[in-house]
Amino acid sequence: MKVLLSAGMIQGGRSGVGRYVICLAEALASGHPEIELHVAGLEQDRRCFPFIPDTRWVSIPARFGGGALNLLWHQVCLPKLLRRERVDVVHIPSYRRMLAFSPVRQVATIHDCAPFILREKYDFLRGVFGRMLVPWIARRVPRILAVSDTTRDAIVRFMAVPPERVVTVYNGIDHGAFRPQSAEAVEVFRKRMNLTRPFFLYVARLEHPAKNHVRLIEAFGRLVAAGEFDGELILPGARWHGAEVVEAAVAASPARERIRLEGFVDNRDLPLWYAAAEALVFPSLMEGFGLPLLEAQACGTRVASADSTSLPEVIGPAGLLFDGLDAASIRAALVRLATMAPEERARREREGAAWAGRFTWQAHARDAVANYHLAVEGTRS
């Protein structure tokens, strides 16, 4: 079976969708020789797919690199490519790029239904596109992979896709990278990054209001003012829509000297960030999945998250939940993490690692392949 996976929107692997596409492609290429996998992406992102032979790489012209032009390439140029290359299945890993008129069977991954749930996340045109045009396209897609039950239910509810065409296929994590780190490696990392205090970590792009940094910053400021934590808050993540609001909140915080904006951090350093942290705190208001929760737990780090959308489903029994709309609730979770008894701390670290071990890209790829076959069989029937 010849499958083409679109990677035209991965932003160099700096986004959750980007990491999803790279990990899925690697799992398909390494574990499914029965699939002839081709990948279409921007030449600048070619380095993210060293496991894909040049003969199976399709370059998207640089002028179609972003925004409306990238969407145009998918709707106009990609169908012609699929016909010419005699592809059996095209896999579109983002609802914004699903094909309205695909000449071959289409499988799509939908990560969330944010335009319906968090309307202020998008400007008017993108909101209208997400709420009006995307559902019409989604109803034309034979098989849709939802990365959580929460997302699956939202697709059926908001997009009116028949439930038999939507299946939950949980994301995985790279257990070769995300695992407990040695004490020596963590200490070297602490010195390299000048980490002299304990710290809470929030790994997310600087996006307002969806990622909810501002309430976390407010809660941390209260924590410090009350003398309840003698450490830092570290916020790694690339600047995104509304980043200036987050930066202003840091500047205005009474604890600003103990809040660090790290910018985008290399994926190779992420396991060490997790392992060095006191805990990962994840106050996001809208997530289709929430990979950092599992990545941190796989590294032996405790986690706490907002009780919104898919996060309670993903965090597992070892995590703490709080009300992401209430800075006092966030602060209470931070206090509990900072004062947790050693026995409870060890238990949560152990149980969190076991929970994270259930999520693998190999399992995700296996289920994706099963849905490729179901899409093709639907054509034959």
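Just one of (1) in contact (Cβ under 8 Å) with a residue 12 or more places away in the chain; (2) loosely packed, with under 14 Cβ neighbours inside 10 Å fails for Pro135. It is (2).
Criterion first (over 22 Å from Trp355 (Cα atoms) and under 18 Å from the mean Cα position of the chain (by Cα)) does Arg268 satisfy it?
Values: over 22 Å from Trp355 (Cα atoms): yes; under 18 Å from the mean Cα position of the chain (by Cα): yes.
Here the answer is yes, as Arg268 does meet what is asked.
Checking Val17, Val3 one by one, the residue that is outside any helix (DSSP H, G or I) and in contact (Cβ under 8 Å) with a residue 12 or more places away in the chain is Val3 and no other. Those helices (runs of 4 or more DSSP H) of the range 229-309 in which at least 3 residues are out of contact with any helix residue (DSSP H, G or I) (no Cβ under 9 Å at 6 or more places or on another chain), considering only elements entirely within it, cover 243-252.
The set of residues in the range 159-169 being surrounded by 15 or more Cβ atoms within 10 Å (Cβ to Cβ) and assigned to a loop (DSSP other than H, G, I, E, B) consists of Val161, Val169. Between Pro103, Pro50, which is at pLDDT 95 or above, surrounded by 14 or more Cβ atoms within 10 Å (Cβ to Cβ) and assigned to a loop (DSSP other than H, G, I, E, B)? Matching residue, one of Pro103, Pro50: Pro103. Scanning the range 59-86 for residues that are in a loop (DSSP other than H, G, I, E, B), touching a strand residue (DSSP E or B) at 6+ places or on another chain (Cβ under 8 Å) and under 22 Å from Tyr20 (Cα atoms) yields a single hit, Gly65.
Here's the yes/no breakdown for (1) in the same structural domain as Thr196 (by TED's automatic domain parsing); (2) buried (at least 23 other Cβ atoms within 10 Å of the Cβ); (3) over 30 Å from Val90 (Cα atoms); (4) at pLDDT 95 or above:
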| site | (1), (2), (3), (4) |
| --- | --- |
| Ala296 | yes, yes, yes, yes |
| Val303 | yes, yes, yes, yes |
| Ala318 | yes, no, yes, yes |
| Leu321 | yes, no, yes, yes |
| Gly352 | yes, yes, yes, yes |
| Asp367 | no, no, no, yes |
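The residues on offer are Val245, Val188, and the sole one that is in the same structural domain as Ala306 (by TED's automatic domain parsing) and under 24 Å from Ala353 (Cα atoms) is Val188. Suppose the filter is over 18 Å from the mean Cα position of the chain (by Cα) and not assigned by TED's automatic domain parsing to the domain that holds Glu228; does Ala277 pass it? So Ala277 does not fit the description; no. Each residue in the range 255-294 was checked for being among the β-branched types (Val, Ile, Thr) and either out of contact with any Phe, Trp or Tyr (no Cβ under 9 Å at 6 or more places or on another chain) or surrounded by fewer than 24 Cβ atoms within 10 Å (Cβ to Cβ) (or both), and 2 of them qualify. Against the conditions (1) closer than 30 Å to Gly221 by Cα; (2) in contact (Cβ under 8 Å) with a residue 40 or more places away in the chain, Met340 satisfies every one except (2). Identify all residues within the range 310-327 that are part of a helix (DSSP H, G or I) and either in contact (Cβ under 8 Å) with a residue 40 or more places away in the chain or under 20 Å from Arg347 (Cβ atoms) (or both); write none if there are none. Answer for the range 310-327, where residues must be part of a helix (DSSP H, G or I) and either in contact (Cβ under 8 Å) with a residue 40 or more places away in the chain or under 20 Å from Arg347 (Cβ atoms) (or both): Pro312, Glu313, Val314, Ile315, Ala327. Take the conditions (1) assigned to a helix (DSSP H, G or I); (2) surrounded by fewer than 21 Cβ atoms within 10 Å (Cβ to Cβ); (3) among the β-branched types (Val, Ile, Thr); Ile330 misses just one of them, which is (2).
Condition check ((1) exposed (fewer than 14 other Cβ atoms within 10 Å of the Cβ); (2) part of a loop (DSSP other than H, G, I, E, B)) across all residues:
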| residue | (1), (2) |
| --- | --- |
| Asn171 | no, yes |
| Phe178 | no, yes |
| Lys191 | yes, no |
| Pro209 | no, yes |
| Glu218 | no, no |
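Residues to consider are Leu374, Leu325; find the one that is more than 16 Å from Ser148 (Cβ to Cβ) and surrounded by 15 or more Cβ atoms within 10 Å (Cβ to Cβ).
Values: Leu325 fails: surrounded by 15 or more Cβ atoms within 10 Å (Cβ to Cβ).
The conditions single out Leu374.
Looking only at the range 232-245, count every residue that is over 20 Å from the mean Cα position of the chain (by Cα) and either in contact (Cβ under 8 Å) with a residue 60 or more places away in the chain or crowded, with 20+ Cβ neighbours inside 10 Å (or both) and tell me the total. It would help to see each step written out before you state the result.
If we filter the range 232-245 for residues that are over 20 Å from the mean Cα position of the chain (by Cα), which is where we start, we get 232-233, 244-245.
Add one more test, that the residue is either in contact (Cβ under 8 Å) with a residue 60 or more places away in the chain or crowded, with 20+ Cβ neighbours inside 10 Å (or both), and what stays is 232-233.
Adding up the residues that qualify gives 2.
The values are calculated or read from the model by the stated rules, or taken from the named source; none is laboratory data. Bear in mind the structure is a predicted one, so any value in this text is a computation, not a measurement. For neighbour counting, all protein chains shown are included, and Cβ atoms are generated from backbone atoms with ideal geometry for every residue, glycine included.
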